[in-house]
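Scroll down for the structure; my scribbles are underneath it.
The values are calculated or read from the model by the stated rules, or taken from the named source; none is laboratory data. This is a predicted model, so every value here is computed, not measured. Every residue, glycine among them, receives a Cβ derived from its backbone with ideal geometry; neighbour counts consider all protein chains shown. Surface accessibility is based on the protein's heavy atoms, side chains included, excluding ligands, DNA and RNA. Shrake-Rupley method; radii C 1.70, N 1.55, O 1.52, S 1.80 Å.
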Amino acid sequence: MFRPSGTGWIEVICGPMFSGKSEELIRRVTRSRIARLPVQTFKPALDDRYGENRVTSHSRMTVDAIPISDSAELLRAVDDATLVVGVDEGQFFDEGLVEVAEHLAAAGKQVIVAGLDTDYLRRPFEPIPALSGRAEFVTKMLAVCHRCGGPGLFTQRIVRSDSLVVLGAQGAYEARCRGCYSNEEAEQPALALN
Ligand code: ADP
Ligand code: MG
Ligand code: ZN
């Protein structure tokens, strides 16, 4: 990646669940680490799916990460010396993430944010769409549609009819292509997660 003197920039990695956003984030920050650039990776504190201090992909790639609760805390947690800032699950942050990312880029840092661009009803999932508008690089990831194998660009919430089945996040969502996504399925009341 080019690095003009003193200038930072923003990269967004977006798409549905299972599209490889976390893998791509891990790949980029790992390359920076190999290049001996000072890197810090962050994740929302509420996402403790794979343990508190790691970002982990569905394929079990993993990297150390610092849990933080909002964009103001992110700004405080980034060291002056850090050149590469990775953030996973950016959709769980407040709208202040856009301003914080721009502030970090203005301070000369490469800011990489991965996150869902739409929710399970296909609505824009802020702050990822707003951040994409301020990013030099936007990578749209596609999953494999769980139903037909086509290009999965949406996240479908699946409702199980057996109320005795306790749903975790795993098994509660599928990636779906344009043809297989169903509004009716999405709007059914969900069973309590967890
Ligand atoms: P995301 O962060 O976008 O949810 P991850 O990076 O965690 O995605 O996981 C991507 C990996 O998930 C793939 O490399 C593959 O091993 C696995 N995977 C499981 N289901 C799917 C699917 N339907 N489409 C693509 N990859 C899938
Ligand atoms: Mg992920
Ligand atoms: Zn499909």
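Computed values, structure above
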| item | result |
| --- | --- |
| Spin-label zone in region 18-43 - amide nitrogen under 18 Å from a point set 7 Å from the Cα of R147 along the C-beta vector | 18-19 |
| Cleavage-rule hits (GluC sites (Glu not before Pro)) in region 49-103: DSSP loop, at most 13 neighbouring Cβ within 10 angstrom | E52, E95 |
| Zero-based 5 Å bins, Cα pair distances in region 1-137, whole percents | 2, 11, 22, 26, 22, 12, 3, 1, 0 |
| Pairs of Cα atoms farther than 15 Å apart, region 57-101, % | 46 percent |
| GNM top mover of D70, D117, D88 - the chain, alpha-carbon springs below 10 Å | D70 |
| Rounded to 10°, Cα long-axis angle of helix 21-34 versus longest principal axis of the chain | 20 degrees |
| Estimated FRET transfer efficiency when R0 is 35 angstrom, pair D64-E136 (beta carbons, to 0.05) | 0.85 |
| Sum of -39500 (n - 2.57) over DSSP H runs of 4+, divided by residues of the chain (222 nm, nearest 500) | -6000 deg cm²/dmol |
| Cα-based helix-to-principal-axis angle, 96-106 vs the chain, degrees rounded to 10 | 30 degrees |
| Solvent-accessible ranking of S59, S182, largest area first, probe 1.4 Å | S59, S182 |
| Per the chain, cysteines lacking a partner by the 4.7 Å Cβ criterion | C14, C148, C180 |
| Sequence of E184, E23 when ordered by accessible area, the most exposed leading, probe 1.4 angstrom | E184, E23 |
| Approximate spin-label separation N183-L37, in nm, with each point projected 7 Å along Cα-to-Cβ | 4.3 nm |
